[in-house]
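S.K.: First the structure, then my questions, so here it is.
The values are calculated or read from the model by the stated rules, or taken from the named source; none is laboratory data. In this text the structure is predicted, and so the values were computed from the model without any measurement. Cβ sites come from the backbone with ideal geometry, for glycine too, and all protein chains shown count toward neighbours. Only protein heavy atoms, including side chains, enter the accessible area calculation; ligands, DNA and RNA are left aside. Shrake-Rupley method; radii C 1.70, N 1.55, O 1.52, S 1.80 Å.
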Amino acid sequence: MKRMTWFNVTSLTLGFAFLYLPMIILVIYSFNASKLVTVWAGFSTRWYGELLQNEAFLNAAWVTLKVAVISSSIATVLGTMAAYVLVRGGRFMGRTLFSGMIYAPLVMPEVITGLSLLLLFIGIGLDRGVLTIVLAHTTFSMCYVSVVVSSRLVSFDRSLEEAALDLGSSPWEAFRLVTLPIIAPAVISGWLLAFTLSLDDLVIASFTAGPSATTLPIKIFSAVRLGVSPEINALSTIMIAIVTVGVITASLVSKRSSLRAQEEARAAERPAA
């Protein structure tokens, strides 16, 4: 094992400081009693109370969560189906075109995607709102789910499905009872990725959102253009706390599952008494 040098330690320290020091400062100043975000005037939770009474931010947060949950769920279903067809479908007419259309949003600039969707919605006479944002987010996040699920299906042992079919299961029962539980971690990972992309999206939502539906990134961006307020610091701190709790929880669950799998493997290797 190579020893850590001063250069490596310094590089890591500067890198982590560049990433996390602004967040730490933001969290500290979210408890600032002053309206000026750059002047410390004492500890206070006033801005958290102000934030909870800000209807505009609360409505934007509700729209964002609603859009993220619906679009990520639809994208997960469609992305899983597309991955299954690409991996298990073999060679079929139009496969190249189909795979290209699935993976195109991965490399397409978000401005182009948002503008094309805007022109489409205008052309078919669809008013912009929650529905158009859901359709847009489903379109660009479905490809990410497809990539994640495809990588798991490629390494899937098909003999397990064949055994289920030999025992009398129908193809749907074999998929539901054998394939889906095994690829479930990839499906869940795809859903979480699609949810995060939808939650964080600003560019595409700016093109497809209407006056009746404003997402939280759009609201924050509009507010920051007029100057950073303590309420935005408080909102950002809450989002950081939610993400931190989610990451820690996922890590603990993953570690517990890994330990349980290791214990089961050791128990299986023990000779029978």
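S.K.: Could you order Lys35, Lys66 so the one with the most accessible surface comes first? Probe is 1.4 Å.
M.R.: Lys35, Lys66
S.K.: Measure off, as a whole percent, the carbon and sulfur share of the 1.4 Å-probe accessible area of the chain, all protein chains present.
M.R.: Numbers: 12170 of 17460 Å².
Answer for the chain is 70 percent, counting heavy atoms of protein chains only.
S.K.: For the chain, what does the accessible surface come to per residue with a 1.4 Å probe? Please give it in Å².
M.R.: For the chain, the solvent-accessible area averages 64 Å² per residue.
S.K.: Could you tell me whether segment 72-176 comes out rounded, prolate or oblate from its Cα gyration tensor? Rule is a ≥ b ≥ c as square roots of the eigenvalues, rounded for a/c under 1.5, then prolate if a/b exceeds b/c, otherwise oblate.
M.R.: Prolate shape, in that a/c is at least 1.5 and a/b is the bigger ratio.
S.K.: Is the shape of the chain best called rounded, prolate or oblate, per the rule: a/c under 1.5 gives rounded, else a/b larger than b/c gives prolate, else oblate, with a ≥ b ≥ c the square roots of the Cα gyration tensor eigenvalues?
M.R.: Oblate, since a/c reaches 1.5 and b/c is not below a/b.
S.K.: I want to verify the translational diffusion coefficient of segment 106-249 in µm²/s; compute it with Stokes-Einstein, Rh as the Kirkwood radius over Cα pairs, at 4 °C and 1.567 mPa s.
M.R.: 71
S.K.: If I take R0 = 30 Å and measure r between the Cβ atoms of Leu36 and Val203 in this structure, what FRET efficiency does the formula 1/(1 + (r/R0)^6) give, to the nearest 0.05?
M.R.: FRET efficiency, Leu36 to Val203: 0.45.
S.K.: Compute the length gained on full extension between Phe156 and Met101: take 0.36 nm times their separation in residues and subtract their Cα-Cα distance, giving the result in nm to one decimal.
M.R.: Fully extending the segment from Phe156 to Met101 adds 17.4 nm.
S.K.: Once you've got the GNM for the chain with C-alpha springs shorter than 10 Å, pick whichever of Ser159, Ser236, Ser99 has the biggest mean-square fluctuation.
M.R.: Ser159
S.K.: Tell me, what ³J(HN,Hα) does each residue in segment 133-140 have, in order and in whole Hz, if you take phi through Karplus 6.51 cos²θ - 1.76 cosθ + 1.60 with θ = phi - 60° and put x for Gly and Pro?
M.R.: 5, 4, 4, 5, 5, 5, 4, 8
S.K.: Further question on the same structure: Karplus couplings for segment 126-131 from phi (6.51 cos²θ - 1.76 cosθ + 1.60, θ = phi - 60°), rounded to Hz, Gly and Pro as x?
M.R.: Going residue by residue, I get 8, 5, 6, x, 4, 4 Hz, with x marking Gly and Pro.
S.K.: Per DSSP helix of 4 or more residues, -39500 (n - 2.57); summed, then divided by the residues of the chain. What does that give at 222 nm, rounded to the nearest 500? Before the final figure, lay out each step's value.
M.R.: Details: 12 runs with 205 residues, N = 273.
Only helices count here, giving -25000 deg cm²/dmol.
S.K.: Show me 144-154, 109-119 ranked by packing, highest mean number of other Cβ atoms within 10 Å first.
M.R.: Put in order of decreasing packing, that is 144-154, 109-119.
S.K.: For Lys255 and Met93, calculate 0.36 nm times their separation in residues minus their Cα-Cα distance, and state this gained length in nm to one decimal.
M.R.: Between Lys255 and Met93, full extension yields an extra 53.9 nm.
S.K.: Just to be sure I understand the model, the point goes 7 Å from the Cα along the line to the Cβ. What's the resulting Ala56 to Arg266 distance in nm?
M.R.: 5.8
S.K.: Taking square-rooted eigenvalues a ≥ b ≥ c of the alpha carbon gyration tensor, is segment 1-160 rounded, prolate or oblate, where a/c under 1.5 means rounded and, failing that, a/b exceeding b/c means prolate?
M.R.: It comes out oblate by the Cα gyration axes.
S.K.: With every protein chain left in place and a probe of 1.4 Å, what is the accessible surface of Trp191, to the nearest 10 Å²?
M.R.: 80
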